[in-house]
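J.: Shown below is the structure under consideration.
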Amino acid sequence: MLTIHDKTFVPFIAARDIQQRVAELATQINRDYHDKQPLMVVVLKGAVLFAADLFKQLTMPCEITFLRVSSYQKTASTGHVRQLLGLSEPITDRDVIVVEDIVDTGLTLGDVCDQLRESRPASLTVATLLFKPEALQRQLQLDYVGFEIENRFVVGYGLDYDGLGRNTKDIFVLSE
Ligand code: 5GP
């Protein structure tokens, strides 16, 4: 069990299962990009642990960079259009893999992809650790999905509740 502020979270996805699934996604990406030099664009902060575990299992020459979008407010999505901040690498003509922690409404990732496409990458795919299909509000192509989960609030392995809870190896879910 995990308590953060006023909320209690219970175990949901074990570290072992996460690592196993990340290895499977890396195998897929290694196959799809074996003759390319992709640029991983990591959406801060939630995707950092996932991105690090994934990145070290890639076997082709590859690069990593980071961007930030305006953050999620506590347990409810703001639904506002987000600005991309801090992307330091040019992505024009690059094979970009966007790495996200979780796709909920899909509005954040949709904005990120729309804005990245304006810079004309050679290709753009998405890797997300978690996906809540029931919450999705816009059409999105998700190329590499770790786990499809029900529409509940999760923390851990990079994901936070009000800034805390990111530093765990397992993923926890808000207890009902
Ligand atoms: P979306 O725009 O898809 O609704 O939200 C995506 C962002 O909201 C994620 O990158 C993440 O920061 C946050 N988010 C969505 N669902 C959850 C959740 O269950 N737990 C946590 N900690 N963050 C979430």
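The values are calculated or read from the model by the stated rules, or taken from the named source; none is laboratory data. In this text the structure is predicted, and so the values were computed from the model without any measurement. All Cβ positions, even for glycine, are placed from backbone atoms using ideal geometry, and neighbour counts span all protein chains on display. With ligands, DNA and RNA removed, areas are computed over all heavy atoms of the protein, side chains included. Shrake-Rupley method; radii C 1.70, N 1.55, O 1.52, S 1.80 Å.
J.: What's the whole-number percent of alpha carbon pairs in region 57-176 lying beyond 24 angstrom?
T.: Result for the distance tail: 28 percent.
J.: While we're looking at this one, here's another question. Excluding ligands, DNA and RNA, what is the solvent-accessible area per residue of the chain at a probe of 1.4 Å, expressed in Å²? List each step's numbers first, then the result.
T.: Numbers: 8970 Å² over 176 residues.
Spelled out: the 1.4 Å probe surface of the chain, per residue, equals 51 Å².
J.: Oh, and also: Once you've got the GNM for the chain with C-alpha springs shorter than 10 Å, pick whichever of 59, 128, 108 has the biggest mean-square fluctuation.
T.: The residue that fluctuates most here is 59.
J.: Let me ask something else about it. How much length is gained on full extension from residue 137 to residue 24, taking 0.36 nm per residue of separation minus their Cα-Cα distance? Don't jump to the answer; show the numbers that get you there.
T.: On the way: separation 113, 0.36 × 113 = 40.68 nm, distance 2.75 nm.
Value of the extension gain: 37.9 nm.
J.: With a Förster radius of 25 Å, plug the Cβ-Cβ distance of residue 16 and residue 148 into 1/(1 + (r/R0)^6) and report the FRET value to the nearest 0.05.
T.: Working from the Cβ atoms, E equals 0.85.
J.: When the accessible area of the chain is split by element with a 1.4 Å probe, what percent falls to carbon and sulfur?
T.: The nonpolar share, carbon plus sulfur, comes to 48 percent.
J.: Taking loop as defined by DSSP and a crowding limit of 13 other beta carbons within 10 Å, which trypsin sites (Lys or Arg not before Pro) in region 35-69 fit?
T.: 56
J.: Right, another one. How do 120, 31, 21 rank by accessible surface area computed with a 1.4 Å probe, from largest to smallest?
T.: So, going from the largest accessible area down, we get 120, 31, 21.
J.: Please state the shape class of region 1-129: rounded when a/c is under 1.5, otherwise prolate if a/b exceeds b/c and oblate if not, all from the C-alpha gyration tensor.
T.: Numbers: a/c = 2.43, a/b = 1.23, b/c = 1.97.
Taking the square roots of the gyration eigenvalues as a ≥ b ≥ c, region 1-129 is oblate.
J.: Check which residues have an amide H placed less than 5 Å from residue 87's amide H, if you skip close sequence neighbours.
T.: It is 68, by chain and number.
J.: For the chain, modelled as a GNM with alpha-carbon contacts under 10 angstrom, which of 153, 12, 66 fluctuates the most?
T.: Among 153, 12, 66, the largest GNM mean-square fluctuation belongs to 12.
J.: Residue 119 to residue 176: extension gain in nm, 0.36 nm per residue of separation minus the Cα-Cα distance?
T.: 16.2 nm
J.: Which of the lysines could a cross-linker bridge to residue 169, judged by Cα under 30 Å and excluding same-chain residues fewer than eight apart?
T.: 7, 45, 56, 74, 132
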